[in-house]
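Before any comments, here is the structure.
Computed from the coordinates by the stated procedures, all read-outs in this text should not be read as laboratory data. A quick note: this is a predicted structure, and the numbers were derived from the prediction, not measured. Please note: Cβ atoms are built from the backbone with ideal geometry, for glycine as well, and neighbour counts cover all protein chains shown.
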Amino acid sequence: MAERSDSEEAPLHPESLMMSYGYEPQWSEGAISPPIFQTSTFVFPSAAAGKRCFEVAYGLSEAQPGERSHLIYSRINNPNLEIAEERLALWDGAETGAVFVSGMAAITTTFWAHLRPGDVLAASSPVYGGTQHFIATVLPEFGIKTVRFGPFDSADEIGDAIEASGGPLGMVYAETPANPTNDLIDLAMCAEIAARFSTPDRKVPLAVDNTFLGPVFQRPIDHGADLVIYSATKYLGGHGDIIAGAVQGSREALRPIRAMRTFTGSMMSPFTAWLLLRSLPTLKLRMEHQADSARKVADYLRHHPKVDSVHYLGHIDADDPRHELYKRQCLGAGGMISFEIAGGEPECYRFLDGLRLFKLAVSLGSVESLAEHPCSMTHCEAGPEENARNGITQSLIRLSIGVEHPDDLIRDLTNALDQV
């Protein structure tokens, strides 16, 4: 995917291509940065070219190698969307991608494109609250059953549950690290399960929500994933000013997703894509700084007398059974921390109300540090019993570390913990 320089054989790194890949200044009066292509439709150079565009767009004909289709209509394709998709694909080593109006649009469109009534979805637990609602409440209304598995379930246990469900497996879906507990799911194991239940007529895809670590600290395609899903609202956008989603993977796996997006109208807007393109050049810088600060914050919390436990990937020690998986699958610990305060909901609320630099808000991955209470906020849909089974207790706080100075963040946490 990456361009080669004139003087070197090795491909350039993604961060070196985020200002140029997929765009030529001569396309737009020499503008070094892509302008906003705020248009609904595009003029065809000829009637024959228009016919060819629709043949490819509607799947009546395959695009030829090297063929670049003309633009048709911004619900189908748009320069800002295409540039964003090509640049995002570089990070994950994907063949192609599709961008969406939100992270939930990316997730649900992926489900609709690959699942059918009577299918079984094998999905990890816990997951983001919106995903949890869709899996537990919406999919059953369309005859799609779900088998859930946790971070410590074996391939045999998951396989036995799938076989006992009575339906064909349509997809394996994993969110790792899990929101908000930072539990890890073994992607190589998930890929083996997907392969086990695939048939010559139907390949079972492995889809991975990579929002917490990706794409800088985790590359699911390297571990057997077919589809990588993002809430681009989070680290990819990174400035708290867009709602967006993305799916990346092979052209084969993306083909039905792109088709579903066209007819559901869930694509990203040109302006949002332009804002995303603005954010990508600083993605690695932001995520590395956030990860470095998160390590300092997590180390501080680990030794605080009012903190019972800290869930942070950087604290997985060599004697921990999860250590091998972390070293094999993750490239870094990222910027997400969850921890349990001694007490319960009242103590958590006192802590949250005592914060000043941290903002009491949902979402994550932005330049500002955020704090929330998952059990009563983002994950309330699952209910207290399901949350308790997944380690989401009334005492749990989730932190998303931003780009502020870590010493100031620690001082803010100290003052808030003093209120408990």
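Volume per residue of the convex hull around the Cα atoms, evaluated for the chain, comes out as 158 Å³.
For the pair E163 and Y73, label points projected 7 Å from Cα toward Cβ lie 4.9 nm apart. With both labels modelled 7 Å from their Cα along Cα-to-Cβ, the C380 to E368 distance reads 2.1 nm.
For A188 and F44, what is the calculated FRET efficiency with R₀ set at 45 Å and r taken between the beta-carbons, to the nearest 0.05?
0.45
For the pair E86 and T137 in one chain, pulling the backbone fully straight at 0.36 nm per residue adds 15.0 nm over the alpha carbon distance. Stretched out straight at 0.36 nm per residue, the stretch from N415 to D299 would grow longer than its current Cα-Cα span by 40.1 nm. The alpha carbon gyration tensor of segment 279-420 gives principal lengths a ≥ b ≥ c with a/c below 1.5, which makes the shape rounded. Under the convention that each Lys and Arg Cβ holds +1 and each Asp and Glu Cβ holds -1, the size of the dipole of segment 283-417 around its Cα centre is about 300 debye. Each of the peptides 398-406, 67-75 was scored by the mean count of other Cβ atoms within 10 Å over its residues; in descending order, highest first, they stand as 398-406, 67-75.
For the chain, lysine pairs separated by 8 or more sequence positions, or belonging to different chains, with Cα-Cα distances below 25 Å total 12. In this structure, the amide hydrogen of G240, modeled 1.01 Å from its nitrogen in the peptide plane, lies closer than 5 angstrom to those of V367, counting only residues at least 5 positions away or on a different chain. Relative protection proxy for 37-44, 345-352, from highest mean packing down: 345-352, 37-44 (other beta-carbon atoms within 10 angstrom). For the pair R356 and A318, a Förster radius of 41 Å applied to the C-beta separation gives a FRET efficiency near 0.65, rounded to the nearest 0.05.
Electrostatic bookkeeping for N210 treats Lys and Arg as +1 and Asp and Glu as -1; over the other residues with beta carbon under 12 Å from its beta carbon, the sum is -2. Fewest-first ordering of S124, S33 by other beta carbons within 10 Å of each residue's beta carbon gives S33, S124.
Assign one of three labels to segment 186-272, namely rounded, prolate or oblate, based on the Cα gyration tensor with a ≥ b ≥ c the square roots of its eigenvalues; rounded applies when a/c is under 1.5, prolate when it is not and a/b is larger than b/c, and oblate otherwise. Write down the numbers at each step before the final one.
Details: a/c = 3.38, a/b = 1.39, b/c = 2.43.
Because a/c hits 1.5 or more and a/b fails to exceed b/c, segment 186-272 counts as oblate.
Kirkwood analysis of segment 1-94, using all unique Cα-Cα pairs, places the hydrodynamic radius at 15.1 Å.
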